[in-house]
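The structure appears below as structure tokens.
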Amino acid sequence: MEDPREEALRQARNHHVRFIELWFTDILGHLKSVAVPVTELESILESGKWFDGSSITGYAEAEESDILAMPDPTTFAALPWSNDGEVTARIFCDVLQQDLTPYPGDPRWVLKQTLQRAADLGFTFNVGPELEFFYFKGADAPDTLDEKGYFDSSRIGHSAAVLIKTVEALQQVGIQVEAYHHEVAPSQHEIDLRYCDALRMADNVMTYRTVVKEVAQNNGLYGSFMPKPIFGVAGNGMHVHQSLTRDGANVFFDPNDRWHLSEVAKQFIAGQLRHAREICALLAQWVNSYKRLVPGYEAPVYISWGQRNRTALIRVPMYRPGHHQATRAELRCPDPACNPYLAFAVMLAAGLEGIEHKYELPDPVEPNIYHMPPSEREELGLEHLPYNLMEAVREANDSELVRRTLGEHIFLRFIRNKTGEWEQDRVQVTSHEIQRYLPML
């Protein structure tokens with residue numbers, strides 16, 4: 001088998017790459033990059049690239065700023081656009097300390113640690129997220145390009161052409177696309193990626209968001225993953241289909257169970273239900289995220305699971321004979337503006353907690369929860385997801401599971417950053433308040 005570094009060098013030659021972008025994220029999931037000429041690639045693959053981490057959100061303090069971006073050669077890919085004919089490639093990096101040990105502020109390392117915890121139990125964690133996004137005419141206002149709805153034909157119009165170019169660009173960068181379609185809201189779209197292991201998928205999510213925005217910009221549009229940019233229509237979700245495998249076999253499936261779920265699957269789902277409020281701040285991490293998590297738009301509000309119920313937090317798609325490998329649990333509260341490394345990490349940690357402590361799965365809830373009277377929801381004991389970011393942050397702050405999963409470095413900085421975001425937002429006077437209150441007060 002070819003050495004990954006030699007393979008990266010070979011690809012750089014074959015694609016006539018001129019520049020390499022070294023990619024990593026801050027704790028909020030913003031993509032960071034430093035570019036080097038391709039002549040430096042061999043050296044960078046061997047020794048990495050030192051940089052000042054004191055200006056990266058959630059990274060080093062000023063007195064401990066020098067940290068190392070160490071490329072993961074298995075992630076090398078030529079980007080599907082060029083600058084005046086100059087081909088650029090990207091490669092994801094692990095971030096290391098001065099002694100070359102993993103840097104505790106690196107979100108990719110957090111996910112790696114959690115995946116290792118699963119591996120120690122014999123599991124591989126696979127995910128298949130569905131990222132929704134809008135095309136707008138520009139970044140200044142959410143001006144849509146169509147009035148289409150769910151699964152309406154996307155063959156006609158400027159946005160349809162841009163969507164196809166985006167799918168082609170994703171394929172060129174090595175990301176396997178299963179399907180794409182118009183979503184519920186005007187000018188809203190979804191491109192579905194084929195499931196894979198969570199680390200590769202987190203890298204793919206970062207690439208996906210970059211490709212959507214880059215292709216849109218190159219075609220005079222703005223691609224937005226903002227969770228709720230338009231009042232009164234559906235927001236952008238990132239439903240995440242999850243499964244555990246052992247030696248390639250799906251361990252969620254049991255042919256003799258009434259729901260075709262194994263004990264491992266039930267315990268995994270029970271873990272996510274029990275810890276849903278604690279991990280919500282990592283899955284829906286912005287003030288705006290909680291404008292999406294409201295009744296009426298297929299976004300989950302109550303903590304429950306079901307098979308046919310799209311108002312449940314976790315949906316288990318019905319088993320089709322001969323498709324046992326597709327047995328999975330779909331978590332519906334994340335949105336595509338999260339940090340995928342941290343989101344996948346806490347999702348997995350909550351599920352593993354259920355397996356290790358043998359949590360019992362409650363009965364499914366199949367009726368539309370939004371149509372239930374409050375007394376029925378109370379009788380079923382349905383808890384509500386946090387109503388806003390500050391409530392979610394308080395739940396995370398009190399969670400031993402979240403603290404243990406993120407590590408002290410990221411945990412403290414994430415809580416501090418999100419508290420600051422809430423404090424800044426809560427003192428703003430919005431146009432809605434002016435329109436509603438100024439004429440009568």
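Points worth noting:
- Set E433, E408, E378, E391: member being within 16 Å of R277 (Cα to Cα) and part of a helix (DSSP H, G or I): E391
So that you can scan it fast, the table gives a plain yes or no per residue for (1) under 28 Å from Y208 (Cα atoms); (2) aromatic (F, W, Y); (3) modelled with pLDDT under 95:
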residue	(1), (2), (3)
A343	yes, no, no
L348	yes, no, no
E356	no, no, no
P364	no, no, yes
E383	no, no, yes
M390	no, no, no
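- Search result, residues across the stretch 56-78 that are at pLDDT below 95 and under 21 Å from the mean Cα position of the chain (by Cα): I56, T57, G58, Y59
- Residue within the stretch 412-426 that is in contact with a Leu (Cβ under 8 Å, 6 or more places away or on another chain), touching a residue at least 24 places away in the same chain (Cβ under 8 Å) and not in a helix (DSSP H, G or I) present: no
- Only a single criterion out of (1) assigned to a helix (DSSP H, G or I); (2) under 30 Å from R209 (Cα atoms); (3) out of contact with any helix residue (DSSP H, G or I) (no Cβ under 8 Å at 6 or more places or on another chain) is not satisfied by E330, namely (1).
- Taking (1) of a type in the set (A, V, I, L, M, F, W, C); (2) surrounded by 15 or more Cβ atoms within 10 Å (Cβ to Cβ); (3) within 26 Å of G174 (Cα to Cα) in turn, A119 satisfies each apart from (2).
- Filtered residues of the stretch 22-48 (kept if in a strand (DSSP E or B) and surrounded by 17 or more Cβ atoms within 10 Å (Cβ to Cβ)): L22, W23, F24, T25, K32
- Pair list, Cβ under 7 Å, 6 or more apart: the stretch 27-55 residue closer than 26 Å to K213 by Cα, other residue surrounded by 16 or more Cβ atoms within 10 Å (Cβ to Cβ) and among the hydroxyl-bearing types (S, T, Y): L31/T25; L31/T210; K32/T25; G53/Y59
- For L163: the one exception among (1) in a loop (DSSP other than H, G, I, E, B); (2) buried (at least 17 other Cβ atoms within 10 Å of the Cβ): (1)
- Whichever residue in the stretch 83-92 is surrounded by 12 or more Cβ atoms within 10 Å (Cβ to Cβ) and out of contact with any helix residue (DSSP H, G or I) (no Cβ under 8 Å at 6 or more places or on another chain) and, among such residues, is modelled with the lowest pLDDT: V87
- Subset of the stretch 395-411 [crowded, with 16+ Cβ neighbours inside 10 Å and without any contact (Cβ under 8 Å) to a residue 40 or more places away in the chain]: N397, R403, F411
- The residue of the stretch 290-327 that is nearest to V127 (Cα to Cα), among those that are of a type in the set (F, W, Y) and assigned to a loop (DSSP other than H, G, I, E, B), is Y319.
- Figure legend. Inter-residue proximity from the stretch 353-373: first residues in the same structural domain as A119 (by TED's automatic domain parsing), second residues assigned to a loop (DSSP other than H, G, I, E, B) and modelled with pLDDT of 80 or more, beta-carbon distance below 6 Å, spacing 6+ or different chains. Indicated pairs: N368/T311; I369/T311; Y370/P295; Y370/T311.
- Screening D120 against (1) within 23 Å of A349 (Cα to Cα); (2) in contact with a helix residue (DSSP H, G or I) (Cβ under 8 Å, 6 or more places away or on another chain) leaves a single unmet condition, (2).
- Some residue of the stretch 61-70 being surrounded by fewer than 18 Cβ atoms within 10 Å (Cβ to Cβ), over 23 Å from Q217 (Cα atoms) and touching an Asp or Glu at 6+ places or on another chain (Cβ under 6 Å): yes
- Test: residue in the stretch 59-73 that is among the aliphatic types (A, V, I, L, M) and in contact with a His (Cβ under 7 Å, 6 or more places away or on another chain): no
- The stretch 92-121, residues that are in a strand (DSSP E or B) and under 19 Å from the mean Cα position of the chain (by Cα): F92, C93, D94
- Counting the residues of the stretch 189-222 that are over 23 Å from R328 (Cα atoms) and charged (D, E, K, R) gives 3.
- Those residues of the stretch 287-319 which are among the small types (G, A, S) and under 14 Å from A392 (Cβ atoms), in sequence order: S289
- Residue within the stretch 369-382 that is surrounded by 13 or more Cβ atoms within 10 Å (Cβ to Cβ), out of contact with any strand residue (DSSP E or B) (no Cβ under 8 Å at 6 or more places or on another chain) and of a type in the set (S, T, N, Q) present: no
- Checklist (1) assigned by TED's automatic domain parsing to the domain that holds L22; (2) of a type in the set (G, A, S); (3) touching a Lys or Arg at 6+ places or on another chain (Cβ under 8 Å) applied to G85, failing item: (3)
- You will find that of T101, T88, T75, T144, the residue that is in contact with a Leu (Cβ under 8 Å, 6 or more places away or on another chain) and on the phi < 0 side of the Ramachandran plot is T88 and no other.
- Condition check for F123: modelled with pLDDT of 95 or more and in contact with a Lys or Arg (Cβ under 8 Å, 6 or more places away or on another chain): yes
The values are calculated or read from the model by the stated rules, or taken from the named source; none is laboratory data. Keep in mind that this is a model prediction, so the values were computed, not measured. Positions of Cβ are generated from backbone atoms using ideal geometry, with glycine treated the same way; all protein chains shown enter the neighbour counts.
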